[in-house]
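This report refers to the structure that appears directly beneath it.
The values are calculated or read from the model by the stated rules, or taken from the named source; none is laboratory data. This one's a predicted model, so the numbers in the text were calculated from it and none came from an experiment. Cβ: placed from backbone, ideal geometry, glycine included. Neighbour counts: every protein chain shown. Keep in mind that these areas ignore ligands, DNA and RNA; they rest on the heavy atoms of the full protein, side chains included. Shrake-Rupley method; radii C 1.70, N 1.55, O 1.52, S 1.80 Å.
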Amino acid sequence: MDSRSWMLLEQEDPAWRLPDDLRQRDPIAARDCGWVEQMRPFIRQFSRPGELVLDPFCGFASTLLAAHLEGRAGLGYEIDPARAALSRERLAQHGATAQRVVADDLLRSPPQGSVDLCLTSIPYFGSRWASADPAQLYASADYARYLEQVGEHFRLIRRLLAPGRYCVVMAENLQLDGQMLPLAWDLGRLLAGQLQLCEERILLYRKPPEKLPHLAWRSDRSHEYALILRNQAAAPDPQQGLAVLQAMQAAGLRFAVFGSFAAWLADEAQAWPADIDLLLPAEDAGVNALLAWLQGQGFALSCWQQALRLPVRLADYRGRYYFRAERVLRNGERLRLDLCFELDEGDVAERLLDARLCRGLPVA
Ligand SMILES: C[S@@+](CC[C@H](N)C(=O)[O-])C[C@H]1O[C@@H](n2cnc3c(N)ncnc32)[C@H](O)[C@@H]1O
């Protein structure tokens, strides 16, 4: 792969194309099958020979075949059993029998150990696929639920991905019922909440052009995005974080610092903190005052990638553990605070009471 932000895909190599007999057995004639060629450059760029490539939505195993051709191991998940069987047949025809296809959802049958690269084409929203399985993303009834389900998969993928390693997701914006649905862009924002969004590449497929009538806007949609993400948290600038926390304290807001930022406060010689975690009082008024203050300082507020609307009722967020506040300044400075309002072990209120001052800030 070179530094160009686009890649032109001229022709599918017949040697790796999904054979017609397999294609005809699929209920939608494998219209959603990608090209092996589109995956190979990403496999070469973002993994080493012998490493493990995961495709959580593997369809007809184009990614696993590409991994095989590049000398990588492949693990795919395909929820539709007939498609999973078809994938195995295709792989066998190429002697790629070491690649593994699990006929299930990743969340229901997660693998042991870590993976070195996650490479996938996202199942699109708005497909007419019918399924009794509520996890089949092609059958999601509404877009909000669809994005939530996709988010759940990538939360697990982040945990499976080896530190510092990449996740490449192919996606398109869609035309649905005559309107554009910016799926690729929504996905970029959603996944950037879990992994570090590094770049995008645009994949272009050559199609013969047609002249458009005057004022017509619809294109032939012969491109897609490859979103490149990395399992690496951008370390916060601790001095910038400190300044915001001091201002919060001066404004009379209740919170305590914990985790790696608390360790850095106690001993600045420590490595830079990985993130800034705060404990909030577990009552609505204090939490809303703090959130409103942050919003006034330019922070965007969310909970599990969903924007927050103030005031919040903590009772509505039980089991979600934390809110997130993120600010990007015009000079590029970014700050993210994770605001925890419940804990698996121990009581937030008690830990706040026990907080002691460390460099002027309460530390739990
Ligand atoms: C875009 S297709 C993948 C095509 C694949 N890249 C290829 O070229 O062979 C997406 C696939 O995801 C599958 N799928 C949808 N929801 C799933 C889920 N929750 N777990 C696993 N597979 C899922 C669909 O059945 C579909 O086959």
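Which trypsin sites (Lys or Arg not before Pro) in region 31-132 sit in a loop by DSSP (not H, G, I, E or B) and have at most 15 other Cβ atoms within 10 Å of their own Cβ? Show your work: numbers first, answer last.
Details: sites: ARG31, ARG44, ARG72, ARG83, ARG88, ARG90, ARG100, ARG108, ARG128; in loops: ARG31, ARG72, ARG108, ARG128.
Hits after loop and neighbour filter: ARG31, ARG108, ARG128.
Annotation: per residue accessible area for the chain equals 51 Å², rounded to a whole number [probe 1.4 Å, protein chains only].
Test of the criteria: in region 136-220, which GluC sites (Glu not before Pro) are in a DSSP loop and have at most 14 other Cβ atoms within 10 angstrom of their Cβ?
Numbers: sites: GLU148, GLU152, GLU172, GLU199, GLU200, GLU210; in loops: GLU172, GLU210.
Listed in order of number, the matching sites are GLU210.
Would region 6-230 count as rounded, prolate or oblate if I go by the C-alpha gyration tensor, calling it rounded below 1.5 in a/c and otherwise prolate when a/b exceeds b/c, oblate otherwise? Since a/c stays below 1.5, the shape of region 6-230 is classed as rounded. Considering only beta bridges that DSSP places wholly inside region 6-230, some 45 percent are antiparallel.
Restriction of the chymotrypsin sites (Phe, Trp or Tyr not before Pro) in region 153-204 to DSSP coil positions whose beta-carbon has at most 16 other beta-carbons within 10 angstrom yields no sites. Annotation: HIS153 carries an accessible surface of approximately 10 Å², with a 1.4 Å probe and no ligand, DNA or RNA atoms counted. Report, in degrees rounded to the nearest 10, the 0 to 90 angle that the Cα long axis of helix 183-192 makes with the longest principal axis of the chain. So the helix axis and the longest Cα principal axis differ by about 40 degrees. Taking Lys and Arg as +1 and Asp and Glu as -1, the other residues whose beta-carbon sits under 11 Å from that of LEU147 total -2. Summing charges over neighbours of PRO134, with a neighbour being any other residue whose Cβ is under 10 Å away from its Cβ, gives -1 when K and R count +1 and D and E count -1. Once the Cα atoms are used to define both axes, helix 143-160 deviates from the longest principal axis of the chain by about 80 degrees. Residue ranking by accessible heavy-atom surface, 1.4 Å probe, largest first, among THR97, THR120 comes out as THR97, THR120.
Give me the percent of accessible area attributable to carbon and sulfur for the chain, probe 1.4 angstrom.
Numbers: 9290 of 18410 Å².
Carbon plus sulfur share of accessible area: 50 percent.
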